[in-house]
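Peer 1: Pasting a structure here, questions to come.
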Amino acid sequence: MNNKRELLRFHGSVKREPAVEAWMNQHPGDLGAIAQHWFEVIRNCGDDVLELLHDGCPTACIADAGVAYVNAFKAHVNVGFVRGAELSDPKGLLEVTGKFMRHVKLRPDRKVDATALLTLINAAYTDMKGRLTPPLPSIE
């Protein structure tokens with residue numbers, strides 16, 4: 001489904017949001033390191049990645065459209081994808097069965113398939129970029 005009206009839109013995303021850095025500083029230890037690492041990977045997808053704190057979570061956007069987020073809990077970190085339900089996930093990393101969102105649960109004591117997670121992050125970025133790029137007119 002490539003419907004632009006169904007995008008999760010945010011106002012106020014910027015290149016580097018101080019509230020995101022404050023969030024990272026409030027989450028020390030292994031869980032904070034995991035969240036910080038994967039959010040940095042998301043940030044590095046492209047020069048057009050912006051960020052904000054949404055519902056208490058560092059969230060990455062392209063323009064005003066949400067792409068991915070991280071959140072730390074007591075025993076794990078979620079790396080979430082706004083349109084995760086539409087991502088190909090051959091390694092079965094994605095959890096939850098909602099209409100749009102999915103996340104990967106990361107724990108300090110479990111090894112993650114980093115290549116598969118990086119593939120999901122890049123796919124989410126590419127997918128959203130495609131949703132925001134106007135289609136080229138057909139030549140007849």
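Peer 1: Determine, yes or no, whether residue 43 is open to solvent by 60 Å² or more (accessible area, probe 1.4 Å) and among the basic types (Lys, Arg).
Peer 2: no
Peer 1: Can residue 48 be described as surrounded by 12 or more Cβ atoms within 10 Å (Cβ to Cβ) and either in contact (Cβ under 8 Å) with a residue 60 or more places away in the chain or among the hydrophobic types (A, V, I, L, M, F, W, C) (or both)?
Peer 2: yes
Peer 1: Go through the range 23-37 residue by residue and tally those that are open to solvent by 100 Å² or more (accessible area, probe 1.4 Å) and touching a residue at least 12 places away in the same chain (Cβ under 8 Å).
Peer 2: Matching residues across the range 23-37 total 1.
Condition check ((1) touching a strand residue (DSSP E or B) at 6+ places or on another chain (Cβ under 6 Å); (2) within 27 Å of residue 22 (Cβ to Cβ); (3) without any contact (Cβ under 8 Å) to a residue 24 or more places away in the chain) across all residues:
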| residue | (1), (2), (3) |
| --- | --- |
| 78 | yes, yes, no |
| 89 | no, no, no |
| 103 | yes, yes, no |
| 106 | yes, yes, no |
| 111 | no, no, yes |
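Peer 1: Given the residues 126, 133, which is the only one that is of a type in the set (Val, Ile, Thr) and either at pLDDT 95 or above or in contact with a Pro (Cβ under 6 Å, 6 or more places away or on another chain) (or both)?
Peer 2: 126 is the lone residue from the list that is of a type in the set (Val, Ile, Thr) and either at pLDDT 95 or above or in contact with a Pro (Cβ under 6 Å, 6 or more places away or on another chain) (or both).
Peer 1: In addition: Could you look through the range 89-139, keep only residues that are surrounded by 10 or more Cβ atoms within 10 Å (Cβ to Cβ) and hydroxyl-bearing (Ser, Thr, Tyr), and pick out the one that is nearest to residue 59 (Cα to Cα)?
Peer 2: Taking the candidates together, the pick is 125.
Peer 1: Can you pull out the residues in the range 8-60 that are among the hydrophobic types (A, V, I, L, M, F, W, C), in contact with a Leu (Cβ under 8 Å, 6 or more places away or on another chain) and not in a helix (DSSP H, G or I)?
Peer 2: 10, 14, 60
The values are calculated or read from the model by the stated rules, or taken from the named source; none is laboratory data. If you're wondering where the values come from, they're calculated on a predicted model, not measured in any experiment. Note: ideal-geometry Cβ built from the backbone for every residue, glycine included; neighbour counts use all protein chains shown. The protein model used for the area step is the full one, side chains on, heavy atoms only, and it has no ligands, DNA or RNA in it. Shrake-Rupley method; radii C 1.70, N 1.55, O 1.52, S 1.80 Å.
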